[in-house]
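Just so you know, all these numbers are worked out from the coordinates, no wet-lab data involved. These figures come from a predicted structure and were not determined experimentally. Here the Cβ is made from the backbone with ideal geometry for all residues, glycine too, and neighbour counts use every protein chain on show.
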Ligand SMILES: Nc1nc2c(ncn2[C@@H]2O[C@H](COP(=O)(O)OP(=O)(O)OP(=O)(O)O)[C@@H](O)[C@H]2O)c(=O)[nH]1
C-alpha cells in the first residue's frame, strides 16, 4: 500500500506476513555378505559412528509414504525452535546426547555469533514408534520477520507445523504471521507451549490465547521445556498422529521442487528438493523446467543433518540433489525438476520476495569487482530473497543496488559476504522504495508507465516531472489484550 509523502501516517513495517547406529538399524541397504567376524566388527563400528562419518547408503525405499511426516518448526524470535530441534534430534538418536548440543541446526557462523536462525535447515530423523520406522523430515525456520521468506518456502515442503509459543511471552507478532502462513497453506498446526520451566511461565494463559486467537482447542496444546527436555516424546507422538503423510505418487514421473540451494565451489549447486511424485537416483537424466537444461544426477541423499548420500529419493521424501549445475544462474529456487523424456506440469514455485529496503554495495577496491560479483551471485543462490541490480556511482565506481527484506537482513547478508566469501564492501545508507506519479503524457510515454518506482535516490525524478510522490505504508492489525485497547487507540491517533 502506498500513500502520498508527508501525510503524517504511520510508516512502520507490519509483520509480513547427525545418527547413532541404533537409529539406523535395519535401514541400510544390504551389503555384500561379510564374514561373521567382519560382520560383527562392522556392527560395532555402526554403533560407534555418528551419521556424519557414515559412508553406507540408507535404503530410502523402506519408508513408505504412510510413514513419512514432513513438518516445520515455526515461531516468533527466540521462542525456542532450534532448542526444540536439538531435543528432537537427540530423542531420535540423530545426534548423540551431550551438553554441547546448542542450536545444532544453526550451522552458519553468523547464526552462532548472533544466536539467531537466519536460514531454514532441514534434518531427516528416523524414528521407531510402535514397531514402525518413521521418516520425519524437520525444517527449523528463522523467527525474525526479515527472514520470513525462508519460512514461506519451507512450508511448501511440509504437511504440518509445530507452532512454538513461549510460555512467558505468549503470542507475539511473528507467531501470528507464521501461523497464517501455515493456515493459508492448509497445513496441520500443532501448538507447542515452550519454556514451561521459567519462573514466570503461565502456560494456562497462553493456552487460552491460542484458543482465542487461532481457534485451536486448548487441549491440543503440548506444554514442554525444550531446554530441559520435558514432554518432547509427546511432540514426536503428535507429529505422527496429527500430521498427515504427503499426498504423492511414486509410480508417476518424477516431479521435484527445489525449495532451497547452496553453492559448493567443487560440486556446484546443491539443491534441496521435496519429491512430489516419482523417484530419482544417481545417473538419472533430469531437466530443469526453468532453464530446460538437461543434467545427470551425480548424488542424491538426505540431510541427517549432514549430507548422507542415498541410492534414491522417493516421492514424499525431502533431501538434496547434486547434478553438475556449475553456473549460479542455473539454480532457481522454486524450479521443478523432471526426468528426461517424461515432462510434467511444473509446480507453481514461489512468489518472489518483496524487498523493503535498498542499499548500494560497492567493492572497496574496484579491482575486486569480479570477485565480489561472483560472491554476491553465490550468496544470492542461498538467499533468494535478495534482489540485485547493477549500479554505478561517480564516487564509488561500479557496484549493485541490493534489495533486502529489512535492516537485519542487510546486516546479515553483509556479514555472510565477509565471513563466507572474505569480501569487504562499502554499503550505502539504506532507503525505502518511493513511487512518483508522472505529470505529462510525454513522460508517461518515455517511462512507459504512469507511476515509476524509485529504488535509487540518484534516480529521483525532478519535482517538475511529478504530480505526486508516494511512500510505502502498511495496513496493520494490532492484537492486544483488552486492557491496552484505550492506550493503543490513543497512540494510533497521535
Ligand atoms: N528456560 C528456557 N529457555 C529456553 C527453552 N527453550 C529455549 N530456551 C532459550 O531461549 C533462547 C532462544 O532459543 P532458540 O532455540 O535459539 O530460539 P529460536 O526460536 O530458534 O530463535 P530464532 O531462530 O533466532 O528465532 C536460548 O537462549 C535458549 O537456551 C526452554 O524450554 N526453557
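Peptides 484-491, 133-140, 295-302 ranked from most to least packed by the mean count of surrounding Cβ atoms within 10 Å: 133-140, 295-302, 484-491.
Using only alpha carbon pairs under 8 Å that are at least six residues apart, calculate the relative contact order of region 255-339 and give it in whole percent.
On the way: 214 pairs, mean separation 33.9, N = 85.
Relative contact order comes out at 40 percent.
Packing-based ranking of 392-402, 152-162 yields 152-162, 392-402, ordered from highest to lowest mean Cβ neighbour count within 10 Å.
Find how many whole Å separate the alpha carbon centroid of region 425-472 from the alpha carbon centroid of region 249-314. Here the two parts' Cα centres lie 42 Å apart. Taking a ≥ b ≥ c as the square roots of the eigenvalues of the Cα gyration tensor, region 372-494 is oblate, since a/c reaches 1.5 or more and a/b is not larger than b/c.
Sort region 65-242 into rounded, prolate or oblate with this rule: let a ≥ b ≥ c be the square roots of the eigenvalues of the Cα gyration tensor; rounded if a/c is under 1.5, and if a/c is not under 1.5, prolate when a/b is larger than b/c, oblate otherwise. Could the numbers behind the result be given before it?
Values: a/c = 1.19, a/b = 1.11, b/c = 1.08.
Since a/c stays below 1.5, the shape of region 65-242 is classed as rounded.
Using a simple spin-label model with pseudo-atoms 7 Å out from Cα toward Cβ, residue 281 and residue 202 lie 5.9 nm apart.
For the chain, place one equal point scatterer on every Cα, skip the solvent, and apply the Debye formula. What is log10 of I(q)/I(0) at q = 0.06, 0.07, 0.13 Å⁻¹? Log-scaled intensity ratios, in q order: -0.32, -0.43, -1.32.
How high is the relative contact order of region 409-460, in percent, counting Cα pairs under 8 Å that sit 6 or more residues apart? Mind showing how you got there, number by number?
Working: 32 pairs, mean separation 15.9, N = 52.
Once normalised by length, the contact order is 31 percent.
Over all distinct Cα pairs, what is the inverse of the mean 1/r for region 357-427, reported as the Kirkwood hydrodynamic radius in Å? With all distinct Cα pairs of region 357-427 included, I get 11.9 Å. Listed peptides 94-107, 113-126 appear in the order 113-126, 94-107 once ranked by packing, highest mean of other Cβ atoms within 10 Å at the front. Taking every DSSP helix (H) stretch of at least 4 residues in the chain, weighting each as -39,500 (n - 2.57) and dividing the sum by the residue count yields a mean residue ellipticity at 222 nm of -7500 deg cm²/dmol.
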